[in-house]
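The values are calculated or read from the model by the stated rules, or taken from the named source; none is laboratory data. For clarity, every value in this text was computed on a predicted model and none was experimentally measured. FYI the Cβ positions are ideal-geometry reconstructions off the backbone, even for glycines, and counts take in every protein chain you see.
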Amino acid sequence: MPRSYTATELLASGRQKAFLANAARDYDDISWLRLLNEQIGGYLPKLLVKRRTNFFMRNADLSVSAGTTTFSVPSEAIAGMARSVVMVVGGIPYGLEEMDLPVAVQSDLTPFSSQFPTGYYWENDHIRLWPTQSITGILRLHWYKRPSQVVKENACVQISSFPGGAPAGSYRLAFTGALPNGYAAGVPVDIVSNIPNFYRWQTGAAITAQAGQNIDIPLPANGVQPPQLAVGDWVCLADTAPVVTECPSEVIEPLLWSCVEELFTGKGPNASYQRAEKARLKAEENVGGLIIRRNLGAMTKISAFPESHIFPWGWFA
């Protein structure tokens, strides 16, 4: 039977690695889930984001009008950072250069405007275009969305069928068993795959209606039910899931060892901590070759311009 990677198995695997019982004095489920989610928020993004494999990636096109300069990066963005900032004018995209704040502010002190912005700088969670443009266009942002908070399976419902009969603009999902607390009309939910790599097919969709064993979900902006959706997928309260979302299942092993290592920083003998640290490093080494590139058949290239948008290959050397 294949691994399920659900919260129940993740907690059991963590306990096995730490040689701890399922008891309050040895870390109960609440404590393990808290530790797991802390590592998902801290350790896991660092493991994947630095390799630029674009897991957790999201994007949005924001309308730009003449004289508008300030745009917010979504609060869901890991570390509040953007992966890419591009201006699109007349259907043609071009990259904007990030500017140092003192340079940008000093330049803003002089009357200066342009048809096209050429750069941007940061103000807290905002991106401010520079110089002030006199055109309309689109600001295209890419950012890394935080993984969902892991919860127990009984906090979610699993799709059993698609019965039809939903009102216009919605689609209907059926489930079996008891409905957990919190699921009602107007409550935002995420639809999460039950197959690794546990992608979120839809996020923040406010329930249209809930009756009996059925839940009605609004259709996405394109008006089409997510084609990947399948029986066995999960309906979860927004930003939660019973699995580690949108990352390769191969990184679960180093993630769990990072949890055990973190646990032993404040619990247990130093030898246990050293054992967990060594196991975590070994697990990272084992998975490293699989998460450094996502097309292993592509020709290896060395670039003299590793930060270039045209020649971006040098970063993995």
List pairs: first in segment 163-190 and assigned by TED's automatic domain parsing to the domain that holds Ile215 and in a loop (DSSP other than H, G, I, E, B), second at pLDDT 95 or above and of a type in the set (Phe, Trp, Tyr), Cβ under 9 Å, 6+ apart or cross-chain? Gly164/Tyr171
Residues within segment 236-250 that are buried (at least 22 other Cβ atoms within 10 Å of the Cβ) and either closer than 19 Å to Asn154 by Cα or touching a helix residue (DSSP H, G or I) at 6+ places or on another chain (Cβ under 9 Å) (or both), tallied: 7
Answer yes or no as to whether Ala104 is modelled with pLDDT under 95, over 30 Å from Ala178 (Cα atoms), within 24 Å of the chain's Cα centre (by Cα) and not charged (D, E, K, R). no
Scan segment 155-169 and give yes if some residue there is modelled with pLDDT of 95 or more, of a type in the set (Phe, Trp, Tyr) and out of contact with any Ser or Thr (no Cβ under 9 Å at 6 or more places or on another chain), otherwise no. yes
Test: Leu256 is touching a strand residue (DSSP E or B) at 6+ places or on another chain (Cβ under 7 Å), at pLDDT 95 or above and closer than 28 Å to Val151 by Cβ: no
Those helices (runs of 4 or more DSSP H) completely within segment 1-112 that have 2 or more residues that are in contact with a helix residue (DSSP H, G or I) (Cβ under 9 Å, 6 or more places away or on another chain), over 30 Å from Arg293 (Cβ atoms) and not polar (S, T, N, Q) are 7-18, 29-49
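Within segment 4-22, is there a residue that is of a type in the set (Phe, Trp, Tyr), in contact with a strand residue (DSSP E or B) (Cβ under 9 Å, 6 or more places away or on another chain) and on the phi > 0 side of the Ramachandran plot?
Going residue by residue through segment 4-22, those that are of a type in the set (Phe, Trp, Tyr) are 5, 19.
From what's left, in contact with a strand residue (DSSP E or B) (Cβ under 9 Å, 6 or more places away or on another chain): none.
Checked segment 4-22: no residue is of a type in the set (Phe, Trp, Tyr), in contact with a strand residue (DSSP E or B) (Cβ under 9 Å, 6 or more places away or on another chain) and on the phi > 0 side of the Ramachandran plot.
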Looking at the structure I just gave you, is Ala298 surrounded by fewer than 18 Cβ atoms within 10 Å (Cβ to Cβ), modelled with pLDDT of 90 or more and more than 19 Å from Asn197 (Cβ to Cβ)? no
Output the strands (runs of 3 or more DSSP E) that fall wholly within segment 193-291 and possess 1 or more residues being more than 19 Å from the chain's Cα centre (by Cα) and free of Cβ contacts under 8 Å to residues at least 60 places away in the same chain, or say none. 200-206, 209-211, 214-218
Within segment 114-152, residues in contact with a helix residue (DSSP H, G or I) (Cβ under 7 Å, 6 or more places away or on another chain), surrounded by 17 or more Cβ atoms within 10 Å (Cβ to Cβ) and among the charged types (D, E, K, R) come out as Arg146
Buried (at least 17 other Cβ atoms within 10 Å of the Cβ), closer than 30 Å to Ile40 by Cβ and of a type outside the set (D, E, K, R), is that true of Pro196? yes
Mind counting the residues in segment 216-235 that are under 10 Å from Ser170 (Cα atoms) and surrounded by 17 or more Cβ atoms within 10 Å (Cβ to Cβ)? 4
The condition from (1) out of contact with any helix residue (DSSP H, G or I) (no Cβ under 6 Å at 6 or more places or on another chain); (2) modelled with pLDDT under 95 that Pro196 misses is numbered (1)
